[in-house]
Each structure stands twice: as C-alpha cells, then as structure tokens.
Amino acid sequence: MRIAFFADPLDRFKTYKDSTYAMMREAARRGHAIHAFEQRHLRVSEGRVLADARRIALTGDAHDWYRAEPAEATALADFDAVVMRKDPPFDSEYLYATHLLEHAERQGARVFNRPQALRDYNEKLAILRFADYTTPTLVSSQPADIRAFLAEQRDVILKPLDGMGGMGIFRLKPDDPNLGSILESQTRDGTVTLMAQRYLPEILDGDKRVLVIGGKPVDWCLARIPMAGETRGNLAAGGTGVARPLSARDREIAEALGPTFVRDGLLLVGLDVIGDCLTEVNVTSPTCFQEISAQSGIDVAALFVDALEAAVGAAA
C-alpha cells in the first residue's frame, strides 16, 4: 500500500516514544510505501485535494531517522490510505483540514480517522454520548452553574474543552480562596464554555489510556500516575506511565463503545478512564503505543497496521 501520514514536522518527532513513528516503522517493515505531509502542504487545485507529500525511508537511527525524497504534489485519492496524525490543538486550521480531507473522501480518498468523526467527537464533550460510563459532569460557561455544581459535588475538576496534555486543568473545592478568580479567568467572565467533573480519587492510581483499534480494545492500557503533589496524570504534566492489563471495567467500557467507533469511522481511539469512569474520548492523535508495547510485549503498532490493512481492503 501507499500510505500518507498527515502529521506534524518529522524533525520534531521523538522517535523513542512517538506513536506515529511506531506506525510508520511497522508499515515500512511490511513493505508499504510511506509518505508524509504537513497541514501547510494541503491544498485544492482545479477541484482536486492535493498534498505536497514526500516519500520517506526509515534509517533505523534514533535521531537521523528518515531520508526523504523531494515533495511531489499528489491527489489524496491516489494513496491507499491517509492517516490523520496531526496533533491538537483543534484550532481553525485543523477544522479547515478536516473539511478538505472530507472533500478528498468524496474524490475517493480513504482517511483514518474519518474527518467528520474528528469534528463530531470533541475529546471532552464526546463522553456525553456515553453517560452510563461517566462521572457526574457539568458543561457551562456560567460561574454560577459551576459554583452550584461544586457545592453539590464538593470536589471537582475544571477543564477547558480545547485543552491537551493536562493544560488548563484545575481541581476546585468550595473553600478555595481563589475560586472566584479562577472561574472569572477560565470562563472569561461567562463567555467560554468549560467542563466540570466530580473529582475521582482513583486518579492517584493512574489516569488510564485504553486504546481501541478497529473497534477492539488492546489488552493492556497505560496508567499515567501523577507525580507527588499533582492532580494531573498526563505524561506531559510529569506523570509516570505504567502499563497494566485491562480491568474488567476497562474492557466493559471499551467493548461497549467499540461498535459505535467503527460505525462512525474511528479506526483508533484512546479512552481515558479513571477508576471505573470514562473521562475523555481521544480521537485526533491517540498515543501511548510505544510505552504499552515496551512494558507489555504487545505490538500495538502491528495491531494498528493490521486494522488499517483490513479497513483499506474492506473499502476496496
């Protein structure tokens, strides 16, 4: 197959932990042709969606890890698969990219994850689809609503709807002396919508990343354990990743949601689970492949490429 990866600049990859690199490495091992392009390389010309894509060869060196051929303007429909691996933030440029990718689909391109699903599944708000598996949750821009929710729950997590890596997350209690200031600044005086969730003390045992590939859960997850004095388990916030077998509840959630993901065109999803509760549904560029593989012996990238090959074959 000819596989095009829509990704961030290759020179920024940290190959020792990057999941997109793991995908590329496995696809190349199987003999697939690997191409890469960035958001700035995408355009529409004479009605066709094109990308200035470079074919790359992997060197096996951890630092100087690829060799690239000159960029060639190629219709996305001419690739066997386009794998969307652009990292958040989900800003206006990302949104425009999903519209162009969707237009490419109409021209025959096969895009994973599907552009419409990337738009429909806000990684915070998507949990509202699966309320049976979540903790008590409020979505509002009004400080008074958040105060009332806090008074009821007594201990909550406040998060922006467009954040990543734990940025902008606050743990609030009713007696917090900075409560008013936090609510004013985070809602921008009632003009920015936030999510508040009841605090789950199980976070101390890890914020679990459960990967769902082709509608099926990977048998091990990565528990991201907060460092001392920290509420957030995100690896970007200093958390430590520990791979563990899925609990019965982890598997229950993943297997219940898997068919919906397949129906909506989500080949790869990263569920965030704290204790027994689903807290986020990550669809833009789910990670933790290499951490899980290194500690569990499961080749997560191989599972992904298996699913990608099957999906392309089914669509042919």
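Only one of the listed values, [x] -0.61, -0.88, -1.27; [y] -0.33, -0.52, -1.08; [z] -0.38, -0.59, -1.09, was derived from the coordinates as log10 I(q)/I(0) by the Debye sum over Cα atoms at q = 0.08, 0.10, 0.14 Å⁻¹; which label is it?
Among [x] -0.61, -0.88, -1.27; [y] -0.33, -0.52, -1.08; [z] -0.38, -0.59, -1.09, the one derived from this structure is [z].
Rank these for me by crowding, Met167, Met227, Met23, going from fewest to most other beta carbons within 10 Å.
Met227, Met167, Met23
Using modelled amide H (1.01 Å from N, peptide plane; none on Pro or chain starts), what sits under 5 Å from the amide H of Asp8, excluding residues fewer than 5 places away?
Asp87
Among the complete DSSP H segments of the chain, which ones combine at least 18 Å of alpha-carbon extent along their axis with a mean Kyte-Doolittle hydropathy of 1.6 or more?
300-315
Output wanted: per-residue J couplings in Hz (rounded whole) for region 201-216, from phi through Karplus 6.51 cos²θ - 1.76 cosθ + 1.60, θ = phi - 60°, x for Gly and Pro.
After applying 6.51 cos²θ - 1.76 cosθ + 1.60, I find x, 5, 4, 5, 9, x, 8, 7, 9, 9, 8, 10, 10, x, x, 10 Hz.
What does the extension gain come out to for Tyr16 and Glu69, with contour length at 0.36 nm per residue minus their alpha carbon separation?
16.7 nm is the gain from fully extending Tyr16 to Glu69.
Can you give the FRET efficiency to the nearest 0.05 for Asp155 and Ala256, using r as the Cβ-Cβ distance and R₀ = 35 Å?
Efficiency at R0 = 35 Å is approximately 0.80.
In what order do Asp64, Asp299 fall by count of nearby beta-carbon atoms within 10 Å, going from fewest to most?
Lowest count first: Asp64, Asp299.
Which pairs, out of Lys17/Lys86; Lys17/Lys159; Lys14/Lys124, put more than 23 Å between their alpha-carbon atoms?
Over 23 Å Cα-Cα: Lys17/Lys159; Lys14/Lys124.
Once phi is turned into ³J(HN,Hα) by the Karplus curve 6.51 cos²θ - 1.76 cosθ + 1.60 with θ = phi - 60°, what whole-Hz value does each residue of region 6-11 show in order, with x for glycine and proline?
8, 9, 6, x, 4, 5
Please list, in order along region 132-139, the HN-Hα scalar couplings obtained from phi with the Karplus expression 6.51 cos²θ - 1.76 cosθ + 1.60 (θ = phi - 60°), rounded to whole Hz, x for Gly and Pro.
Taking θ as phi minus 60°, the curve returns 5, 10, 10, 7, x, 9, 10, 10 Hz for region 132-139.
Gain in length, Arg129 to Asp264, computed as 0.36 nm per residue apart minus the alpha-carbon separation, to one decimal in nm?
Additional length available on full extension: 47.3 nm.
Taking every alpha carbon pair in region 21-62, what does the distance histogram look like in 5 angstrom bins from 0, in percent?
Over region 21-62, the share of Cα pairs per 5 Å bin runs 5, 20, 23, 18, 15, 11, 6, 2, 0 percent.
Every read-out reported here was derived from the displayed coordinates using simple, explicitly stated rules and does not represent laboratory data. Since the model is a prediction, treat every value here as computed from it, not as a measurement. All Cβ positions, even for glycine, are placed from backbone atoms using ideal geometry, and neighbour counts span all protein chains on display.
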